[in-house]
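Step one of this worksheet: look at the structure below.
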Amino acid sequence: MNTPATQGARTPAGDGRHGGRKGGGEQAVVPRAEPASYYGRPVLKEPIWSWEIPWYLFAGGLGVASAPLAVVAEAAGNRRLARRAWAVALACVSASPALLISDLGRPERFLNMLRMVKVTSPMSVGSWALVAAGPAAAVGTAHAWLGWFPRLSVAARATAVVVGPNLTTYTAVLLANTAVPAWHEGRRELPFVFAGSAMASAGGAAAALTPRSDAAPARRLALVGAVLSTGMMELMKRRLGAVGEPYREGRCGRFARSAQILRMGGAALMGARGRSSRAAAVVGGAGLVAGSICQRWAVFEAGRASARDPKYTVGPQRERLANGA
């Protein structure tokens, strides 16, 4: 009886498992098996997240990176930059739960994530941090624009400084905590990729919305974030080797290349002309924001592609076994 397991091991007709002797040894005729799965099914179940998730990753990163920028601007007396950064933070932090709930299907599913606090769970920590970020952004924006809540604004600024850096990387940690190869194998660099992308988009958005004379801190944040995100992404793809193929091929590769072109092009334009030209600041900021969007879509699609193909799951396992790991 021929089963899928025996069919893959069949040798040519008339031959045994080994051919004739040559040079005193045996010559194998069974080809080296390629990573495959039983009945051609994927080893892993592909993530079923919908289109809202990449936008949630982008909006959350932009929002929580804008809030600390607003706090720093307020501390330096830069009210124009602070107001615009707070407004961006409030808009994006408000959109993030809506996108997440839309993907979950029902609001109570989001509330179920708040039934407990578990510091070892990225989902639990991130959910509570997201809940704290919303009121902090609302109070901070109301104080910056209208002068309301002077006492509460102190707590809001402290919350933004504590929660912001955590939320810029928590989604990357959440993805890397899965078994999806393109996410899990990139766990060392992926948080830095997300943090840099969030910094670049926050700086780019604030620089585009703020008069040139007050936008210097935003421009610096955008440039640092662009360099960090691009550098860590390239480092991750090289270190991953074969598992990094989804980041270079097909739909994922197009998103990744678009992200690099938009981000570095926007950063170059803002660095060269952003100080003297409002148009350059706006175009450069838009490029940085668009690059961040493409970056999140590239990571999202790469994870789905790597889960569909068994070689990205089986290959690293065999390599670790061969190395004695």
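What follows draws every value from the coordinates through simple rules; no lab data is involved. Note that the coordinates shown come from a computational prediction; the quantities given were computed from them, not determined experimentally. Glycine also receives a Cβ, built like all others from the backbone with ideal geometry; neighbour counts cover every protein chain displayed.
Here are the numbers for the structure shown:
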{"quantity": "J(HN,Hα) series, the range 147-152, from Karplus relation 6.51 cos²θ - 1.76 cosθ + 1.60, nearest Hz, glycine and proline x", "calculated": "x, 7, 6, x, 6, 5"}
{"quantity": "Residue order, fewest to most surrounding Cβ atoms within 10 angstrom, among Ser50, Ser306, Ser197", "calculated": "Ser50, Ser306, Ser197"}
{"quantity": "Cα-based helix-to-principal-axis angle, 79-104 vs the chain, degrees rounded to 10", "calculated": "40 degrees"}
{"quantity": "Dipole moment magnitude, nearest 20 debye, the chain about Cα centre, only Lys, Arg, Asp, Glu C-beta charged", "calculated": "460 debye"}
{"quantity": "Net lengthening on full extension, Trp148/Val227 (0.36 nm per residue, minus Cα-Cα)", "calculated": "24.7 nm"}
{"quantity": "Label-to-label distance, nm, for residues given as Ser50 and Leu235 (7 Å Cα→Cβ offset)", "calculated": "3.7 nm"}
{"quantity": "Principal-axis tilt of helix 311-322 within the chain, Cα atoms, nearest 10 degrees", "calculated": "70 degrees"}
{"quantity": "With Cα atoms, 0 to 90° folded angle of helix 216-240 axis to the chain main axis", "calculated": "10 degrees"}
{"quantity": "Using a Förster distance of 41 Å, the FRET efficiency for Val119-Arg251 (Cβ separation, nearest 0.05)", "calculated": "0.70"}
{"quantity": "Positive-end residue of Ala76, Trp145, Leu174, charge dipole of the range 52-306 with Cβ unit charges", "calculated": "Ala76"}
